Amino acid sequence: IVKDIDVNGTENLVKLLGKDTRIVTIFLRVPKEELHRRLLQRTPDADPKEITLRLNRFDYEESKIGVYDYVLKNNNLEKTIQIITAIIENESK
């Protein structure tokens, strides 16, 4: 199962199931400036307060990287997909 969950959900899942179930976690990392650019690009008419809230959460999410098995720099979508696919294949063996 592949699931997109936030850092709190990941931390809770690992605590709840980690000892009894094999869980592989992947954190997709992007520089804060790039995140800001992407947020503006996705929703150019977004409320600036929403973008500020998302950027403020960035530091908190980065502080939780230690919970994850893999941390990937998410600069290139195709390359990131290839790496995630390889991780899934290797971890499924």
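Once segment 24-35 is narrowed to residues that are in contact (Cβ under 8 Å) with a residue 40 or more places away in the chain and either part of a strand (DSSP E or B) or of a type in the set (A, V, I, L, M, F, W, C) (or both), the residue that is farthest from N75 (Cα to Cα) is V24. Being of a type in the set (S, T, Y) and within 12 Å of the chain's Cα centre (by Cα) is true of T25.
Taken over segment 53-86, residues that are free of Cβ contacts under 8 Å to residues at least 12 places away in the same chain and surrounded by 12 or more Cβ atoms within 10 Å (Cβ to Cβ) amount to 3. When segment 35-51 is filtered for residues that are within 19 Å of the chain's Cα centre (by Cα) and surrounded by 12 or more Cβ atoms within 10 Å (Cβ to Cβ), the ones remaining, listed by number, are L35, H36, R37, R38, L39, L40, I51.
Here E89 meets each of (1) charged (D, E, K, R); (2) without any contact (Cβ under 8 Å) to a residue 24 or more places away in the chain; (3) touching a Lys or Arg at 6+ places or on another chain (Cβ under 9 Å) with one exception, condition (3).
To keep it simple, each residue is scored yes or no on (1) in contact with a strand residue (DSSP E or B) (Cβ under 6 Å, 6 or more places away or on another chain); (2) assigned to a helix (DSSP H, G or I); (3) modelled with pLDDT under 95; (4) at negative phi.
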| site | (1), (2), (3), (4) |
| --- | --- |
| K19 | no, no, yes, yes |
| R22 | no, no, yes, yes |
| R37 | no, yes, yes, yes |
| L40 | no, yes, yes, yes |
| D45 | no, no, yes, yes |
| R54 | no, yes, yes, yes |
| G66 | no, yes, yes, yes |
| T85 | no, yes, no, yes |
| K93 | no, no, yes, yes |
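The values are calculated or read from the model by the stated rules, or taken from the named source; none is laboratory data. Owing to the predicted nature of the structure, the values given are computational and were not obtained by experimental measurement. In this analysis, Cβ positions are derived from the backbone assuming ideal geometry, glycine residues included, and neighbour counts consider all displayed protein chains.
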